[in-house]
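Below: one structure, written as structure tokens.
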Amino acid sequence: MEKRVYYHDTDAGGVVYYGTYLSYLEEARTEFLEDRDLSVSKFQKQGYVYAVRNCTISYKSPARYGETLICTASLKKMTAAQLIFDQQITEKTSGRLVVTSEVNLVCLTIDFKPSQIPENLRKILESDLKNT
């Protein structure tokens, strides 16, 4: 996913504010799922939500106002109740690595109780695990 850095994404120095990267990562995961015809509204209709359980992020180099970033998400692992993503953000023109991250999502019922990942979702995502 491409993301242009706007002024509102930056601090007074024109560098992307560190918390903004979490939004970029979220958007990349959303695109990953929607590319597989999976969406938050579909999950909710089935009675599930997915929440971030854990996120580790390493800042490698600063992104700046006006740059275009490439934000990726790949499924690293799937457990009974978690989806674990490896994510990267790079600067488009130079290929400079900006951020690396691992994000764990946990499957919950609408009542926010832990649940196993539904079988139909597992089947769709299994091919992504085989390709990594």
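Based on this model, can you work out whether THR56 counts as part of a strand (DSSP E or B), crowded, with 17+ Cβ neighbours inside 10 Å and at pLDDT 95 or above?
So THR56 fails the test.
In segment 97-132, how many residues are crowded, with 17+ Cβ neighbours inside 10 Å and not in a helix (DSSP H, G or I)?
Qualifying residue count for the region: 11.
Residues to consider are SER94, SER61; find the one that is in contact with a strand residue (DSSP E or B) (Cβ under 6 Å, 6 or more places away or on another chain), in a loop (DSSP other than H, G, I, E, B) and surrounded by fewer than 16 Cβ atoms within 10 Å (Cβ to Cβ).
Of SER94, SER61, the one residue that is in contact with a strand residue (DSSP E or B) (Cβ under 6 Å, 6 or more places away or on another chain), in a loop (DSSP other than H, G, I, E, B) and surrounded by fewer than 16 Cβ atoms within 10 Å (Cβ to Cβ) is SER61.
Quick check on my filter: what residues within segment 33-43 are surrounded by 12 or more Cβ atoms within 10 Å (Cβ to Cβ) and either of a type in the set (S, T, N, Q) or part of a helix (DSSP H, G or I) (or both)?
Passing the criteria: LEU33, GLU34, SER39, VAL40, LYS42, PHE43.
Do you know which residues across segment 1-32 are farther than 14 Å from THR68 by Cβ and in a loop (DSSP other than H, G, I, E, B)?
ASP11, ALA12, GLY13, GLY14, TYR17, TYR18, GLY19
Report whether or not THR56 is in contact with a helix residue (DSSP H, G or I) (Cβ under 8 Å, 6 or more places away or on another chain) and among the β-branched types (Val, Ile, Thr).
Here the answer is no, as THR56 does not meet what is asked.
The values are calculated or read from the model by the stated rules, or taken from the named source; none is laboratory data. No experiment lies behind these values; they were computed from the predicted model shown. Glycine gets a Cβ as well: all are built from the backbone with ideal geometry, and neighbour counts include every protein chain shown.
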